[in-house]
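K.L.:
The structure that follows is given in the form of structure tokens.
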Amino acid sequence: MDSTAYLVLSWIGLGFLSLMLFLALFEPSLPYRISKRPPLPLDSSQFRRLVAALGSGVFHPRNKVEVLANGEVYYEAELDAIRQARHSVNLEAYIFQEGRVTRRFLEVLTERAKAGVEVNMVIDAVGSFATWKSYFKDLCAAGGRVHFYHPIRWYNLPRINNRTHRELIVVDGKVGFIGGAGFGDHWVHDDAGRRKKRRWRDTMFRVEGPAVRDLQAAFAENWLETSGEVLADMEYFRWCEETGETAAMVVASSPSSGRSARNRMIFQTLLAAAQKSIHITTPYFLPDRYARAELIRAVKRGVQVTVIVPGAHADHLLTRRSSRRLFGKLLRAGARIYEYQPAMMHAKALLVDGLWSVVGSTNFDHRSFGINDEINLVAQDVELAARLEKDFAADLAASKAVNYWDWSRRSLLERGHEWLGWLLERQQ
């Protein structure tokens, strides 16, 4: 190839990469307009069927869902369940960070693998980029299997931005854990360093009942993508007896090539249907303009809209500034926004009218709604919602309200960060 042809091809390649970067940063969001108003009553069986259809799932009427608040509670519950495993432990995580917490998990997983339990792990290659395969050598030697989701390879380049953000564990096909917490010391241990950071505030959920089969199916999807193996063994999909009183559906969301995502449809529909209250807890609050418009419409029809986001302890300063840039119209409309003060807020929950709860791995941002693989539990249960509302009230009491006047007077430095964040908003 002569130098001229090489130069032309180089410029074509550079132009293509520039176009891909431009689309990644500035491609407009899908509108997610609701086709019919007013929506069905939230407590109707028709509305539940609508939510199930949009989520491409099934509502199982009788499940037991236990709320596990903070790492000192949910890690112990997860470890106890794994210790009792007799057939299999399937674990999927965005963050599996070397440290005290993951060493405890690997010790228990390795012991179970030695006892003949099938241990399968899917770890995101970017979220856990500092965790090497050698960290799992004892587990693998005992028979456990560990695969990284979309490792950085040339053949993965078209999919490199798609990450698994799912956080779930399924034990023996009967007990499941779902939520937003990965595996790392900062979820349970205070940082005694110079800034003395408290452990992160987060919540996981222990699930028993038929919904666990759908959690297992979500794991099987990404296990196939990482290992090339279909989990066709029915031991993974055992019969789960109905237990408890929570009607729940699992929404395993992966962005389609057309950019639609099941979790985003569920969120928009619930926001549009709310008649009394919308309570959102999220570590990353970057709603697109259509979600913001839906929240403003809710306020105008008398719905109490309250959002809790991280305060000064946010783990990503640029993301926090990007989020604060969007507060203005919401605050002017009457939405209430609070910043959690004691620590990094990492819990993720959408509560609507004291009846519907959406919990799991989805953040209220572009990555969760259009780029990452996510997993959520959608529940229609007054008692579960009341339990989560209790936690919401406690978190609200430890938060500081964002005042519109103060927000409008933020510094030039903060505004500069906001506009830098705007350039990268679709990747946050």
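Derivation of every value follows stated rules applied to the coordinates shown; laboratory data play no part. Predicted model only: the values in this text are computed from it and were never measured. Positions of Cβ are backbone-derived with ideal geometry, glycine not excepted, and every protein chain shown enters the neighbour counts.
K.L.:
Evaluate 2.2 N^0.38 Å with N set to the residue count of the range 120-177, then give the Cα radius of gyration divided by it.
P.N.:
1.27
K.L.:
Continuing with this model, one more query. Work through the residues other than ASP80 whose Cβ is under 15 Å from its Cβ and net out their charges, Lys, Arg +1 and Asp, Glu -1.
P.N.:
-2
K.L.:
Note down, for the range 73-231, the three equivalent ellipsoid semi-axes (square root of 5 times each alpha carbon gyration tensor eigenvalue), biggest first, whole angstrom.
P.N.:
22, 21, 16
K.L.:
For the range 245-336, with the dipole built from +1 on Lys and Arg beta-carbon atoms and -1 on Asp and Glu ones, taken about the Cα centre, which of LEU271, ILE296, THR281 lies farthest toward the positive end?
P.N.:
ILE296
K.L.:
Here's another thing I want to ask about it. Taking the DSSP beta bridges in the chain as the whole, what percent of them are antiparallel, to the nearest 5?
P.N.:
65
K.L.:
Find the relative contact order for the chain and round it to a whole percent, using C-alpha pairs within less than 8 Å whose residues are 6+ positions apart.
P.N.:
Dividing the mean separation by the residue count of the chain yields 19 percent.
K.L.:
Enumerate the calculated ³J(HN,Hα) couplings along the range 232-246 in order (Karplus 6.51 cos²θ - 1.76 cosθ + 1.60, θ = phi - 60°), each rounded to whole Hz, writing x wherever the residue is Gly or Pro.
P.N.:
For the range 232-246, the Karplus curve yields 8, 6, 5, 4, 6, 10, 5, 5, 9, 5, 5, 8, x, 10, 8 Hz.
K.L.:
Which of the peptides 73-79, 229-235 is most tightly packed, and how do the rest follow, going by the mean number of other Cβ atoms within 10 Å of each residue?
P.N.:
The packing order, highest mean first, is 73-79, 229-235.
K.L.:
A further question on this structure: Just how large is the dipole of the range 129-184 about the Cα centre, in debye to the nearest 20, putting +1 at every Lys and Arg Cβ and -1 at every Asp and Glu Cβ?
P.N.:
220
K.L.:
Now for a different question. Counting only complete DSSP H runs, which helices of the chain cover 27 Å or more along their long axis at the Cα atoms and score a mean Kyte-Doolittle of 1.6 or above?
P.N.:
For the chain, where a helix must reach 27 Å along its axis and average at least 1.6, the hits are 3-26.
K.L.:
May I pose another question? Got a sec to turn the phi values of the range 348-353 into Karplus ³J(HN,Hα) couplings, 6.51 cos²θ - 1.76 cosθ + 1.60 with θ = phi - 60°, whole Hz, x for Gly and Pro?
P.N.:
Rounded to whole hertz, the list is 9, 7, 10, 10, 10, 6.
K.L.:
Among residues other than GLU235 whose Cβ falls under 12 Å from its Cβ, what is the net charge (Lys/Arg +1, Asp/Glu -1)?
P.N.:
Within the 12 Å Cβ shell, the charges total 0.
K.L.:
Given a cut-off of 27 Å, name the pairs among LYS276/LYS390; LYS197/LYS300; LYS133/LYS196; LYS174/LYS348; LYS197/LYS348 whose C-alpha atoms lie farther apart than that in the structure shown.
P.N.:
LYS197/LYS300; LYS133/LYS196
K.L.:
Using Cα pairs closer than 8 Å and at least 6 residues apart in sequence, work out the relative contact order for the range 107-179, in percent.
P.N.:
29
K.L.:
Ok, one more. Each residue of the range 59-64 in turn: what ³J(HN,Hα) in whole Hz from Karplus with 6.51, -1.76, 1.60 and θ = phi - 60°, glycine and Pro shown as x?
P.N.:
Once θ is set to phi - 60°, the couplings for the range 59-64 become 7, 9, x, 10, 10, 10 Hz.
K.L.:
In the range 232-325, which chymotrypsin sites (Phe, Trp or Tyr not before Pro) fall in coil by DSSP and have 10 or fewer other Cβ atoms within 10 Å?
P.N.:
TRP239
K.L.:
For the chain, compute Rh as the Kirkwood radius over C-alpha pairs and then the Stokes-Einstein diffusion coefficient at 37 °C and 0.692 mPa s; write the answer in µm²/s, rounded to an integer.
P.N.:
146
K.L.:
Non-local amide H neighbours of VAL58 (under 5 Å, H modeled in plane, Pro and chain starts lacking H): which ones?
P.N.:
VAL250
K.L.:
Another question, if that's okay. Taking the Cα centre of the range 53-147 as origin, work out the dipole magnitude from +1 charges on Lys and Arg Cβ and -1 charges on Asp and Glu Cβ, in debye rounded to 20.
P.N.:
260
K.L.:
Can you give the calculated 222 nm mean residue ellipticity of the chain, where each DSSP H run of n ≥ 4 adds -39,500 (n - 2.57) and the sum is split over every residue, rounded to the nearest 500 deg cm²/dmol?
P.N.:
-11500 deg cm²/dmol
K.L.:
To the nearest 20 debye, what charge dipole does the chain have about its Cα centre, counting +1 at the Cβ of each Lys and Arg and -1 at the Cβ of each Asp and Glu? Working shown, then result.
P.N.:
Numbers: 57 positive and 48 negative charges, 351 e Å.
Computed about the Cα centre, the dipole is about 1680 debye.
K.L.:
Continuing with the same structure: Between beta-carbons, use under 13 Å as the cut-off and find the net charge around ALA385, counting Lys and Arg +1, Asp and Glu -1. Working shown, then result.
P.N.:
Working: positive: LYS276, ARG387, LYS390; negative: ASP43, GLU245, ASP353, ASP381, GLU383, GLU389, ASP391.
Counting the neighbours of ALA385, the net charge comes to -4.
K.L.:
Note down the nm distance, to one decimal, between modelled labels 7 Å out along Cα→Cβ at ASP315 and at ARG33.
P.N.:
Label-label distance for ASP315 and ARG33, simple model: 3.8 nm.
K.L.:
What distance in nm separates the simple spin-label points at TRP405 and GLN84, each placed 7 Å from Cα in the Cβ direction?
P.N.:
Output for this residue pair reads 5.6 nm.
K.L.:
Then there is this: Exposed loop sites here are trypsin sites (Lys or Arg not before Pro) in DSSP loop states with at most 15 other C-beta atoms within 10 Å. What is the longest stretch of the chain lacking them?
P.N.:
With a cap of 15 other Cβ atoms within 10 Å, the longest stretch comes to 302-408.
K.L.:
Pull out the extension gain between ALA333 and LEU40, defined as 0.36 nm times the separation in residues minus the alpha carbon to alpha carbon distance; nm, one decimal.
P.N.:
Result for the pair: 103.0 nm of gain on full extension.
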